[in-house]
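J.: Take this structure first; my questions come after.
The values are calculated or read from the model by the stated rules, or taken from the named source; none is laboratory data. Given the structure is predicted, the values throughout are model-derived calculations rather than measurements. Methodologically, a virtual Cβ is constructed for each residue, glycine included, from the backbone with ideal geometry; neighbour enumeration extends over all protein chains shown. These accessible areas exclude ligands, DNA and RNA; they are computed on the full protein's heavy atoms, side chains included. Shrake-Rupley method; radii C 1.70, N 1.55, O 1.52, S 1.80 Å.
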Amino acid sequence: MAEAHLTGFLGYREDTSRRSGSWRGIVAVARASLRMVFRRKMFWALYAFSLLIFLFYLFGQYLTVYIENRVSEAMVRQGGVFGRMFNPQELSKVLTSSLHMNGSADTYGDFIWTEGYIVIVIMALVGSLLIGNDFQHNSLPFYLSKPIGKFHYLLGKALAAGGITAIMTLIPCLCLFLEYGFIEDWSYYWTEWRLFLGVVGYGSLVVVTLSSMILAVSAWLRRTGPVILVWISLFVLSRFIQRWLVDGLGLSPSWRLIDTWNNLYLTAMWLFDYDHAKIRPTNQAQPPYGQAVVVVSLTILVCILSLRNRVRAVEVVR
Amino acid sequence: MSTTKVQKILEFRNVSKFYGAVIGLNSVSVALPRGIIGLVGPNGAGKSTFLKLAAGQLKPSLGEVTILDQPAWEWKAKTKIGFCPEVDSFYEDMTGRDFVRSMARLVGYPKELAYEKADAALERVGMASRADRVVRGYSKGMRQRTKLAQALLHSPELLILDEPLSGIDPVGRQEMLDLFRSLAAEGKCLLISSHELEELEKLTEQVIILAKGRIADQGSIFEIRERIENLPLSIRIDSSERKRLAQTLLQCDEIATLDLPANLPQSLIVRVNTPKKFYESLAQFVLRENLPISRLEPLDESAHAILGYLLGGSGKT
C-alpha cells in the first residue's frame, strides 16, 4: 500500500512519450558534437580566416564584373591623400587572369584549394574533439546505450565533421557561383551547369574525404597532439615529398598521388571537365585524372573500413 | 505456491562471449524478473561482459540475450534499457544539464520534451540545483548521479547499473538506495553490479554470483549461504610445518579427506564437507597451536567466489 502511494507520488510511469526513430539519433550525435566544437574560441578564430578568404573572392568577383560592365573611363583615380591613377583594364586583367575571379572553373578550384589550408588546420584540431575523446575517455557506452547503433553513431560524427568542412568549402563556393550569376548574367546558371556540378562535386568530395579521414585518424590516435602530427604529415609533408620526388628527382608524375589535397583538386578538375594540359602550374606534370579518382576512392574506402573495425574493437574489454 | 507466470525482463539463453581465445562468459542462462538483482563477482569474473551483453553493447558469440523478448543487440530493445556504465568520463566541457539533454535527444525526444525529461531526471537524482555547472568540476558522486539521470531519462523497464554507489558519500548513498527501492517499487528491473555485498544486501536478497565467466550461484543470499554451508570443497593450505598442521587438522570433524601431495612439499589438500565451520575451526587450531600458514586457497573457483563474498572481503579469499 505504502509502495503504491509512493509510486503515485513520484509520478513515474511507463514512458509513452512521442519519440522518433533511430535515424534522428544521427542528427542528435552530430548536434552534440558540433556544440562541443563551437564552444572552442580557437575554432572561431580559424573560421574567421576562412571567412576572410571567402570575402576576398566574393568582393573580387564583384569588382571584376563591376569593372567590366560599369567603368568606361580610360583611367580611374584611386582614393588616398595623394591619389593614384590606374587603368581599369589592367586591374580587370589581374583579377581574371591571375586571381581567376571570373566565375570560371579556376575560380572555384582555386577557392577551395586556398580554403584547404584553413580546413586542414581546423579539422586537425576538431578531429580529436569529435571522436578521439569518445575513444580516449571510453564515452562510447553512453551513446550506444541509447536506441542507436554504431552505424548511427559513426554517421552522426561524419555529419558533424562534414558540416564543419562544408561551411568552409562547399557552401561558400556555392555562394560564389550564385553571386557571379546574379551580378553577371542570370543565364550563367544554366549555360554553365557543368560548373555547378563541378562545385557541388568538388565540395562534396572534400567534405566526404576529409570527414572520413579525420574520423579514421582520430579514432585510432585519440589524442590531439598525435592527430595534428599525422594530419599535417598527410597534407603538408606529402606535398613537399611529392614535389621533391617529381620536380626534384624527375620521377613519374604518379608520385604526386601521395598528396591527398592534390588528388582532390585533380578529381575536381575532372568534374569541371577542365583541360588536363592547362592545370596550373603548367610546368608541373600531373598524373592522369583517372589515377587521382581511383586514389581518392580508395582513400575513402580504407577510412570507412578502418572506422568500422575501430568501432567494433570497442567490444574488447580491457 | 502461486501459478502466475512471472514476466521475465532480461533473459540470457546459453550465452557465451569470446574475445579471441579468451572466454568472457561461458554458457550462461538466467532470467531476471522485476525487482532488484545484485551481480557480484571478483575482478575478471565476467561482470562487465554480462552487463554489456545485457545492455546490448556486445553481441553474444553464442546464445541469445533478450529484453522483454526482443534481442538486446537491436536498437529497439535499447528503448527499454537504461545503462549507467562504470566509466564517468563524459564531456568535461559540458554542463551536466547539457549532457543529459543531449542524451535525451539521442533517445529520440523532440527538443522541448527532451529538456523536460532531462530536468525531471536530474531532479529525481538530486542534481537539479548543481546541473548547470561544468562536468569538469564535478565530484565522483555528482558524476554518478548525472550518469544515473541519463539512464533514467526514458523511464526504462530495465536499469543496468555498474558500480552505482562507488564514490558516493554515506548520506548520498542512502538517498541512492532509497531511489533504487522506489524504482523497484514501480515495477522496474534493476540489475546492480557491485563489489560491496553489504550495500547490495540492504537493497535485495537476490544475487547472481559470477566466477570465471560462469554463474557460480544465484538466488537469495540466505539460500546461497545455506547451500555453501553444505557444499563440499577442496582447499589447499601451505605451511612450512606441513606435518604438524596435518596432525592438528585430523582432529577437525569437518574434514573428509586429507592429502599430502608429493610435488608440493609445503602443501596439503583437504576436502571439507562444511567449509564455513571448517574455516572457523581452522582459525582456532592455528591460533592455539601457533601454526604458520602461508597460503589458503579454495580449489573450486565457483566456491571460491561465493565464499569470498559470503564470508566478507572482495572475493579474493
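J.: Using unit Cβ charges (K, R positive; D, E negative) and no other charged atoms, how large, in debye to the nearest 20, is the dipole of chain A about its Cα centre?
T.: 1300 debye
J.: Output the 0 to 90 degree angle, nearest 10, between the alpha-carbon long axis of helix A:193-221 and the longest principal axis computed from the alpha carbons of chain A.
T.: So the inclination is approximately 40 degrees.
J.: Once the Cβ-Cβ distance between B:GLN174 and A:SER204 is put in as r, and R0 is 56 Å, what FRET efficiency do you end up with, to the nearest 0.05?
T.: 0.50
J.: Report, in debye and to the nearest 20, how large the dipole of the protein assembly as shown comes out about its Cα centre when Lys and Arg carry +1 and Asp and Glu carry -1 on their Cβ.
T.: Dipole size: approximately 260 debye.
J.: Suppose R0 equals 45 Å. What FRET efficiency, 1/(1 + (r/R0)^6) with r the Cβ-Cβ distance, do A:ILE167 and B:SER166 give to the nearest 0.05?
T.: 0.60
J.: Restricting to DSSP H runs of at least four residues, report the calculated mean residue ellipticity at 222 nm for chain B, -39500 (n - 2.57) per run over all residues, nearest 500 deg cm²/dmol.
T.: The helix-only estimate for chain B comes to -11000 deg cm²/dmol at 222 nm.
J.: Go through A:SER306, A:PHE177, A:TRP113 and say which Cα lies farthest out towards the positive end of the charge dipole of chain A; charges sit on Cβ, +1 for Lys and Arg, -1 for Asp and Glu.
T.: Most positive-ward Cα: A:SER306.
J.: Here's something else I'd like to know. On a 31 Å Cα-Cα criterion, which of the cross-link pairs B:LYS202/B:LYS276; A:LYS41/B:LYS59; B:LYS17/B:LYS117; B:LYS52/B:LYS276; A:LYS41/A:LYS93; B:LYS76/B:LYS111 come out too long?
T.: Listed pairs above 31 Å: A:LYS41/B:LYS59; B:LYS17/B:LYS117; B:LYS52/B:LYS276; A:LYS41/A:LYS93.
J.: Would you mind estimating how fast chain B diffuses translationally, via Stokes-Einstein at 25 °C and 0.890 mPa s with the Kirkwood radius over Cα pairs, in µm²/s?
T.: The calculation lands on 113 µm²/s.
J.: Mind jotting down the three principal axis lengths of the stretch A:20-312 based on Cα atoms? Whole angstrom, largest first.
T.: Projected onto its principal axes, the Cα set of the stretch A:20-312 covers 71, 48, 41 Å.
J.: Same structure, new question: How about the stretch B:177-193: which of its residues lose at least 40 Å² of accessible area in the presence of all protein chains relative to their chain isolated, using a 1.4 Å probe?
T.: Relative to the lone chain, where solvent access is computed with a 1.4 Å probe, the stretch B:177-193 loses at least 40 Å² at B:ALA185, B:GLU186.
J.: While we're looking at this one, here's another question. Based on DSSP H runs of at least 4 residues, each adding -39500 (n - 2.57), what is the mean residue ellipticity at 222 nm of chain A after dividing by all its residues, to the nearest 500 deg cm²/dmol?
T.: -21000 deg cm²/dmol
J.: Would you mind getting me the FRET efficiency between B:GLU123 and A:PHE49? Use the beta-carbon distance for r and R0 = 45 Å, nearest 0.05.
T.: The value I calculate is 0.55.
J.: Can I ask one more? Kindly state, as a whole number, the per residue volume in cubic angstrom of the convex hull around the alpha carbon atoms of the protein assembly as shown.
T.: It is 248 Å³ per residue.
J.: Ok, one more. Work out the length of the dipole vector of chain B about its Cα centre, built from +1 on the beta-carbon of each Lys and Arg and -1 on the beta-carbon of each Asp and Glu, and round it to the nearest 20 debye.
T.: 580 debye
J.: Looking at the protein assembly as shown only, what percent of DSSP beta bridges run antiparallel? Nearest 5 please.
T.: 70 percent
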